[in-house]
Amino acid sequence: MAAIITSLGALLSFLPYYAVSVFVTFLLLFVTYQLFFHPLSSYPGPFLAKLSDAYNGFYASRKSLHLITRQNHLKYGSVIRQGPNKLVFSSLSAFRDIYKNDRITKTKAYTALSPGLPVPNIFTAADRSFHRARRQLVGQILTDRSMHTFEPKMIEQIDMFLEYLLISAQSSRAVNMSDRTRRLGMDVAGLLGFGYMLGLQEGDENLFMLEVLDAMTPRANLYYNYFSLRARVRWISVIFGGKMRRRYLNMMEKIVTTRMAEDTHARHDLYSFIADVLDAESGGLRQSELWAEANNFLTAAGETTKTVMSALFFYLSRNPESYNRLAHEIRSTFTSGGDITGPKLTNCRYLRACIDEALRISPPAPGILWRERVPHDDVDKPLIIDGQPIPPGTIFGVNTYSLHHNEEYFPDSFTFKPERWLDPDNPEAAKLTREAFAAFSIGPRACAGKPMAYLETSLVLAKTLWYFDFEVPAGPQSNIGAGRADLGPGRNRPGEFQLYDVFNTAHDGPYLSFKPRGGFWEDIQD
Ligand code: HEM
């Protein structure tokens, strides 16, 4: 008996060693498989990314996945393996092959971007026929014609934005453009979505909504890029994010129910188009289709335009030639601030080129729009992207920031050069510029809100330049928003507006000083 106990003891004392050797053997086999036998093993990429999506998760948590992806393209080429079963492309042909392809759809990871929503919405839906129907429905509020109807309401909000600039100018205070354009963007989104006045431009009562988004969006983007992590650590959000989130959701409920108390067609807003079609009752409002669309709409419309407007203010304030040319275009096209309206702005070609150039250098959605084959795709029919056959089970995409800084399509890609969009001497180059422009994506899942984004940005820039001159203030505020060597790799260019990739983007600055032009400002005070 004693002998048995002794040998059992000896065996147990070796147990940790056995466990370690099993683990090491398993690890070696796993690494060997990933590096040499996996269907994507022939693609180059960072060593750690081939082993785990934690690589993407790490850079997503640092809000710099767009930067490291571009660096990886520079190091490894136009196709990289960035994730055990992920490929990222940076060529124009891959961009077309992926996003204009019926055999390809969004991945499940998109559900991480709309956390807590019980049913798919226009943005997250992977099923093509569901998406098509939803796009037709939601798209009605975003057409050019609908924007024309909504424009006076949008202009009322822009007038408030201008009033704030005037008050700041009169008290010699520089303005943080990220803050003001974000408040404007969300107020406009609340009105177009549900006729609701969020009042972020007027006061801070609802500012917590932006703070909740600041806390939630980076986490959602982490899970979007490292999807398997989500199931493991969901409890963290439940425990730590609960209170804030509840407050946000209560506010969303107030927005929607306030609107529901009115007649469906009382306003020109998203609600008036979807209320009669989408269910809002059977499982309770927060479980409903209407809820899923409402929550998506506010951020899709509100959290994107802030970036193009802030970036454009940044680049104009640092590029005097572009500033002067644009100011001249606006000031010679219009005869008064009230004359500046959407239809007339379409003739301002330089303004459009400036907007596109800001969207190119600093895209509001700078990351990788992950895609996969549709379920039940014919596995015997090869899926070819940029000449490469893609093994089943692969997740792939183009990183917009890398495509926009691919020197093959955009030479001198970090220089703000609106002229590249207009080049009459080189129509081929101008064509290539347009084709490789990915800010709104392309194909059936391209941005539905493009007309709204251009209208809002054009009105804001044109009206601001009509009423004001602006410049970078002296002192420490002058370089907020600009690149600096100490900000880390890829963030060293003083002429580049710094984006923090959270699927859409977080940013700060630029701070600008405004000076009213002549007596035009009196219109704003009226
Ligand atoms: C400069 C501003 C904007 C940019 C750069 C932008 C960019 C994008 C991009 C890249 C996508 C595709 C996302 C993907 O495939 O995962 C998208 C989708 C979408 N955007 Fe925008 N967006 C902007 C403004 C807006 C606005 C103002 C709205 C108004 C509600 C909007 C509504 C949508 C919707 C509904 C979708 C989903 C479309 C679908 O899947 O059918 N966007 N946007």
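The values are calculated or read from the model by the stated rules, or taken from the named source; none is laboratory data. Fair warning: this is a prediction, and the values are worked out from it, not measured in the lab. Counting neighbours? That spans all protein chains shown, and the Cβs are built from the backbone with ideal geometry, glycine included. What goes into the accessible areas is simple: the full protein's heavy atoms, side chains included, and nothing from ligands, DNA or RNA. Shrake-Rupley method; radii C 1.70, N 1.55, O 1.52, S 1.80 Å.
Annotations for the structure displayed:
- For the range 132-291: rounded, prolate or oblate by the Cα gyration tensor [a/c cutoff 1.5]: oblate
- As a size descriptor, the averaged projected area of the C-alpha convex hull of the range 167-257 was calculated at 7.7 nm².
- Prolate/oblate/rounded call for the range 214-325, Cα gyration tensor, a/c under 1.5 rounded: oblate
- Helix 227-240 vs. the chain, principal-axis angle (Cα, 0 to 90°, nearest 10): 70 degrees
- Proximal aspartates and glutamates relative to LYS344, as straight alpha-carbon distance under 15 Å, when same-chain residues fewer than 8 apart are discounted: ASP144, GLU151, GLU329, GLU456
- Against the rule of thumb 2.2 N^0.38 Å, how large the Cα Rg of the range 9-60 comes out: 1.59
- Straight-line cross-link reach from LYS106 at under 17 Å between alpha-carbon atoms covers these lysines, not counting any fewer than eight positions away in the same chain: LYS86.
- Local electrostatic count, GLY83, Cβ distance below 9 Å [Lys/Arg +1, Asp/Glu -1]: +2
- Cut-off 14 Å between beta-carbons: net charge of the residues surrounding HIS131, Lys and Arg +1, Asp and Glu -1: +3
- In the chain, taking the dipole from charged Cβ atoms about the Cα centre, the farthest positive-side position among SER171, ALA292, TYR511 is held by ALA292.
- Computed over the range 406-467, relative contact order equals 20 percent, with contacts defined as Cα pairs under 8 Å that lie 6+ residues apart.
- Segment LEU35-ARG103, extension gain: residue separation times 0.36 nm, minus the distance between their alpha carbons: 21.7 nm
- Rounded to 10°, Cα long-axis angle of helix 349-361 versus longest principal axis of the chain: 20 degrees
- On a per residue basis, the convex hull of the C-alpha atoms belonging to the range 305-351 measures out at 83 Å³.
- These residues, HIS404, HIS328, HIS507, go from largest to smallest accessible area, 1.4 Å probe, as HIS328, HIS507, HIS404.
- Given the chain, longest segment not containing exposed loop GluC sites (Glu not before Pro) (DSSP; at most 15 other Cβ within 10 Å): 1-201
- Rg over Rh [alpha-carbon atoms, Kirkwood Rh] for the range 361-494: 1.05
- Summing Cβ point charges (Lys, Arg +1; Asp, Glu -1) relative to the Cα centre of the chain gives a dipole of roughly 1520 debye.
- Cα gyration tensor category, rounded, prolate or oblate, for the range 421-526 with a/c compared to 1.5: oblate
- Under 5 Å, built H, 5+ apart or other chain: amide partners of PHE468: ARG517
- D (Stokes-Einstein, µm²/s), Kirkwood Cα radius, the chain, 1.002 mPa s at 20 °C: 86 µm²/s
- Radius 15 Å from Cβ of GLY190, net charge of other residues (Lys, Arg +1; Asp, Glu -1): -3
- Between the range 33-72 and the range 155-192, the Cα center-to-center distance that results, in Å: 40 Å
- The angle between the Cα long axis of helix 144-170 and the main principal axis of the chain comes to about 80°, on a 0 to 90 degree scale.
- Scattering profile of the range 14-95 at q = 0.12 Å⁻¹ [log10 I(q)/I(0), Debye over alpha-carbon scatterers]: -0.43
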